Structure formats: C-alpha cells, structure tokens
Amino acid sequence: MKNRKKIIAAVLAAVIVIAAVIWCVPPKTHSAEGYAMGSAVSVTVYGGKNSDEAAAAAVEKIKELDSVYLSHTEEGSFTYRLNAGREVEADSEYLKIIKDCLLLSEDCAGFSILCGALENLWNIEGGGYVPSDSEIEEALLTVDGSNIEIDKTRVTLKNGAIVTLGALGKGMACQQAVNLLKESGAKNGLCTVGGSVGVFGSPGRGKDFKIGIRNPFGEANEYFATLSLSDCFISTSGNYEKYFEKDSVRYCHIFDAETGSPVQNGLSSVTVIADNGTLSDFLSTAVYILGEGRGIALAEKYNARVIIVRDDKSVLMSEGLEDCFELTDESFTVL
Amino acid sequence: MKKLITSKDFIIIAAALMLGAALFLARGFSSQGETVVVKYNGEVEKTFPLNGEYYEITVNSVVIRRENNEVYVADSDCEDKTCVRSGKLSKKGDAAFCVPNRVSVEIEGKGANSPDAMTW
C-alpha cells in the first residue's frame with residue numbers, strides 16, 4: 001500500500017513537471033522572410049516537423065503569386081502582359097483570380113480592379129497630382145467592370161482599362177500561404193504580407209495570436225489596440241500609408257471608382273477580420289470606400305468583423321469584438 | 001487509513017511546482033541583452049547587441065545607426081523613407097523595413113506583451 005501511494009505521488013509529480021515544462025517553454029519558431037507585392041513578407045510556423053522548409057516554401061509561394069500572376073510592374077506576369085497586350089492567354093489559376101475579384105467587386109460599386117488609369121492620373125506614389133474634372137471623367141471611362149471580359153482561356157481589356165490587384169493581392173497571398181502551410185502539416189502558423197495577416201492554431205500555450213492595429217496617427221511601429229485571434233485573416237486599409245497633401249487636403253491611395261477621386265469620408269482606417277484572406281483584404285478596402293453604414297452592412301453579409309477608426313480618433317467596431325479587442329492607447333475613444 | 005499525500009510526497013510535489021515556477025521566471029527574464037538583426041532580402045546580413053557605443057553600418061544604401069542603446073535607420077536612398085520614419089527601436093520586436101531596398105532592422109525576440117504581428 002505504501003509503495004502504491006509513493007508511485008501515485010511520483011506520477012503526479014512527474015505530470016506536474018511535464019505540464020510545467022510544456023506550459024513554460026514556447027514551441028520552437030521556424031521563420032522565413034522575403035519581399036513581394038512591394039511589401040515585406042514573413043511566415044512563421046510554431047513547432048512541428050520540417051517547419052523551416054514549410055515556412056520557406058510559403059514565402060516562395062507568395063513571391064510566385066506576385067511574379068507570375070498579380071504584379072502589374074513585373075514583366076512576364078499575367079497582369080503585366082494583360083495590361084501591355086490588352087489580352088492574355090490565361091491559365092485556370094489566373095482566370096479564377098480574375099473571376100473571384102470581379103465577383104467581389106459586384107458588392108461595392110466604388111471598388112474596381114480596373115483602377116490603373118486613375119492611379120496613374122493621380123500619381124499618388126510619385127508625389128501626387130490633382131487632376132481636372134475632365135481628366136477624371138476620361139479616366140473613369142476605363143474603370144467600369146464591363147471593360148474586362150473573360151472567356152474559357154482568355155482575358156481581354158477594353159477602353160483603356162488597366163488592371164491592378166493591389167487591393168486584394170496581399171490578403172490572397174496570406175490565404176495561399178496558410179493553405180500551403182496546412183497542407184504541409186503545420187498546426188500553428190502566422191503569415192504577414194505587408195499589413196495583411198493570416199493566423200491559424202496558436203503561437204504557444206494555447207493562446208490566441210495578438211495582432212496590433214496600426215495607429216493611423218502614429219509612426220509605422222505604433223499600434224493603438226490589439227486583437228487576440230486565431231484561425232482568421234486580418235487586413236487594414238487606411239489613409240496614412242500612401243498619400244499626398246495639397247492645400248491641406250489629404251489624398252490617399254484608395255480610390256472611389258464611382259467618383260474617380262481618392263476616398264475622403266472621415267475615416268482613418270478600416271480593419272477587417274474574415275475567414276478568407278482575399279475577402280478580408282477586399283472588405284477592408286470596400287468598407288473604407290463605402291463608409292460606416294453601408295460598409296458595416298457589407299461586412300455583415302460575409303460574417304466579417306470590422307474595426308473603424310474615424311479621423312477624430314473614435315473607434316467603432318462590430319458586435320462581439322469587445323472580447324478580443326484591447327485598447328492600448330487611451331487617446332482613442334471606443335464608441 | 002493513511003493520508004493520501006504524505007509529507008514526503010508533498011515535498012516532491014512542491015519541488016516540482018518550484019521547478020515549474022523557475023522555468024516560467026527564466027522565460028520572463030530572458031529579455032536581457034537584446035540583439036539587433038539586420039537582414040537583406042530576408043537573409044541575415046549582420047547581428048549586433050542593442051546595448052553599446054555609437055555604431056553605424058550601411059546595408060544596400062540603408063544607413064543603420066546605434067546610439068544611446070537605441071537603433072534606427074538614419075538614412076536611405078529610397079523615395080518613401082518609411083524606414084526612416086519608423087523612428088527609434090528599443091524594445092523586443094520593434095522593427096523598421098526599407099521595402100524598396102529589401103532591408104529590415106529588427107530587435108530580436110518578442111516582448112512579453114508585444115503583438116505577434118501588426119496590421120496596417
């Protein structure tokens with residue numbers, strides 16, 4: 001009897017020690033980094049076998065998505081050849097990308113993947129130019145969704161339309177990277193392409209991932225709040241990343257395809273949490289364009305959750321987010 | 001009927017708990033002596049301690065400077081200068097990126113409360 005109790009005690013002690021060790025020692029992280037879509041790319045896998053290889057393969061996948069399909073600046077990509085040649089023989093992957101984007105665009109009249117002419121006209125990244133009404137009207141003729149046609153193997157552009165997939169590319173890349181990581185057997189991972197994020201599993205101790213939301217009024221490293229989340233994709237659109245100012249008006253890089261001008265609606269940033277990367281990226285831009293009322297309604301249609309920061313530092317968010325949202329900068333007001 | 005847990009057993013359990021607590025604390029205290037990692041094209045180019053005297057290196061036209069136990073991008077030939085505007089890095093997980101030049105500066109590791117990632 002005495003021995004039995006000793007054994008029980010010893011087993012109990014061993015279990016406690018093992019549990020303590022597992023609890024305290026975070027899983028080994030396996031990271032790979034690179035650059036694509038004009039952004040830094042980072043993939044981290046927590047624990048697991050062959051995770052270094054899986055992370056590196058995910059970064060390569062993102063680079064390939066950019067250089068083979070999405071990029072409008074890299075010669076040889078489908079998008080580049082489409083814009084340059086006005087039509088392109090596409091593979092099934094590219095046809096699907098374009099179809100998915102066009103389908104999403106139907107939900108937001110101000111959203112278009114044919115904003116290239118507007119972007120060139122306003123030249124936001126090259127210092128900025130405020131065009132005349134007639135110049136805007138001319139460019140607006142190119143953005144309509146009817147200017148792109150798809151048949152079984154070919155994509156064709158009309159009326160000077162120029163394709164840019166920057167509003168969805170980073171989220172799409174996160175989605176593809178997460179898919180690849182899961183296929184390779186990873187259970188816990190984090191993927192970022194610029195400011196778009198994809199997470200699954202846990203970074204350790206069963207916790208959620210903590211995602212900082214950039215302070216639209218601060219420096220690039222500053223966040224005003226954090227989200228504790230997993231198994232989702234997070235994207236943000238805002239007027240602070242690329243913009244120019246003229247006569248104390250800020251012109252940002254997000255265009256309303258209905259007006260032909262950069263969006264100005266009193267919002268500083270829109271963060272969207274969705275279960276699909278392309279969707280989260282699309283919605284962050286679409287909600288930003290639509291503004292609070294119609295934007296939140298659109299997000300609800302997709303069961304996505306939204307955090308909106310207004311220019312006056314007030315913060316509006318979807319119901320149910322309070323549990324995972326933590327304000328870290330008291331100069332913001334949560335409504 | 002003897003007690004289920006004797007005083008000897010209790011000592012073993014207490015020792016196990018203390019070991020667990022020690023491991024936990026060790027993890028918390030491991031934030032001493034941060035390392036700055038400079039990467040070019042995703043590959044490590046240079047690592048150096050955050051704490052130390054004035055130091056400067058240039059990686060692909062990005063000038064990285066350590067001063068007063070902080071590190072920052074002092075200059076870059078890129079157009080957007082986002083890297084310079086990232087300001088001074090002093091805490092674990094702080095980072096500055098020069099995307100056009102494919103250079104990153106990061107303080108290795110993650111602070112106890114700092115996020116795993118940023119959305120912007």
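Exactly one residue among A:Thr73, A:Thr29 is within 13 Å of another protein chain (Cβ to nearest Cβ), open to solvent by 70 Å² or more (accessible area, probe 1.4 Å) and free of Cβ contacts under 8 Å to residues at least 12 places away in the same chain, and that residue is A:Thr73. Among the conditions (1) closer than 25 Å to A:Glu330 by Cα; (2) in contact with a helix residue (DSSP H, G or I) (Cβ under 8 Å, 6 or more places away or on another chain); (3) within 10 Å of chain B (Cβ to nearest Cβ), A:Leu267 misses just one, which is (3).
Just name the residue that is surrounded by the fewest Cβ atoms within 10 Å (Cβ to Cβ) out of those in segment A:48-65 that are away from chain B (no Cβ under 13 Å) and touching a Gly at 6+ places or on another chain (Cβ under 8 Å). Taking the candidates together, the pick is A:Lys49. Going by the conditions given, is A:Ala225 surrounded by 18 or more Cβ atoms within 10 Å (Cβ to Cβ), within 11 Å of another protein chain (Cβ to nearest Cβ) and part of a loop (DSSP other than H, G, I, E, B)? For A:Ala225, the condition - surrounded by 18 or more Cβ atoms within 10 Å (Cβ to Cβ), within 11 Å of another protein chain (Cβ to nearest Cβ) and part of a loop (DSSP other than H, G, I, E, B) - is not met.
Can you find a residue that is aliphatic (A, V, I, L, M) and out of contact with any Leu (no Cβ under 6 Å at 6 or more places or on another chain) anywhere in segment A:199-212? The answer is no; no qualifying residue exists. Output the residue which, of all residues in segment A:142-163 that are in a helix (DSSP H, G or I) and surrounded by 14 or more Cβ atoms within 10 Å (Cβ to Cβ), is modelled with the lowest pLDDT. Checking each candidate, the answer is A:Gly145.
Annotation: A:Thr79 fulfils all but one of (1) more than 10 Å from chain B (Cβ to nearest Cβ); (2) in contact (Cβ under 8 Å) with a residue 60 or more places away in the chain; (3) touching a strand residue (DSSP E or B) at 6+ places or on another chain (Cβ under 8 Å); the unmet one is (3).
Taking the residues in segment A:194-222 that are more than 12 Å from B:Met118 (Cβ to Cβ) and buried (at least 24 other Cβ atoms within 10 Å of the Cβ) as candidates, determine which candidate is nearest to the other protein chains (Cβ to nearest Cβ). Applying the filter and picking the extreme gives A:Val199. Filtering A:Tyr251, A:Tyr243, A:Tyr288 for residues that are within 14 Å of chain B (Cβ to nearest Cβ) and more than 16 Å from the chain's Cα centre (by Cα) leaves a single hit, A:Tyr243. Look at A:Val199 and say whether it is modelled with pLDDT of 95 or more, over 23 Å from A:Leu321 (Cα atoms) and within 17 Å of the chain's Cα centre (by Cα). Here the answer is no, as A:Val199 does not meet what is asked. Please verify whether segment A:318-334 includes one or more residues that are surrounded by 20 or more Cβ atoms within 10 Å (Cβ to Cβ) and touching a Phe, Trp or Tyr at 6+ places or on another chain (Cβ under 8 Å). Scanning segment A:318-334 turns up no residue that is surrounded by 20 or more Cβ atoms within 10 Å (Cβ to Cβ) and touching a Phe, Trp or Tyr at 6+ places or on another chain (Cβ under 8 Å). The condition of being modelled with pLDDT of 80 or more and in a loop (DSSP other than H, G, I, E, B) does not hold for B:Gly111. Of the residues examined, A:Ala13 is not one that is open to solvent by less than 20 Å² (accessible area, probe 1.4 Å), within 13 Å of chain B (Cβ to nearest Cβ) and either charged (D, E, K, R) or touching a residue at least 60 places away in the same chain (Cβ under 8 Å) (or both).
Could you say whether any residue in segment B:27-46 is more than 30 Å from A:Lys170 (Cα to Cα), among the hydrophobic types (A, V, I, L, M, F, W, C) and either modelled with pLDDT under 90 or in contact with an Asp or Glu (Cβ under 6 Å, 6 or more places away or on another chain) (or both)?
yes
Any residue at all in segment A:32-44 that's open to solvent by 60 Å² or more (accessible area, probe 1.4 Å) and either among the hydroxyl-bearing types (Ser, Thr, Tyr) or at pLDDT 95 or above (or both)? No, there is no match, as no residue in segment A:32-44 is open to solvent by 60 Å² or more (accessible area, probe 1.4 Å) and either among the hydroxyl-bearing types (Ser, Thr, Tyr) or at pLDDT 95 or above (or both). For A:Ser230, the conditions (1) open to solvent by 20 Å² or more (accessible area, probe 1.4 Å); (2) within 9 Å of chain B (Cβ to nearest Cβ); (3) without any contact (Cβ under 8 Å) to a residue 60 or more places away in the chain all hold with the exception of (2).
The values are calculated or read from the model by the stated rules, or taken from the named source; none is laboratory data. These numbers come from a predicted model, not from an experiment. With ideal geometry, Cβ positions are generated from the backbone for all residues, glycine too; neighbour counts draw on all protein chains shown. Each accessible area value is taken on the protein alone, full model and side chains, heavy atoms only, with ligands, DNA and RNA left out. Shrake-Rupley method; radii C 1.70, N 1.55, O 1.52, S 1.80 Å.
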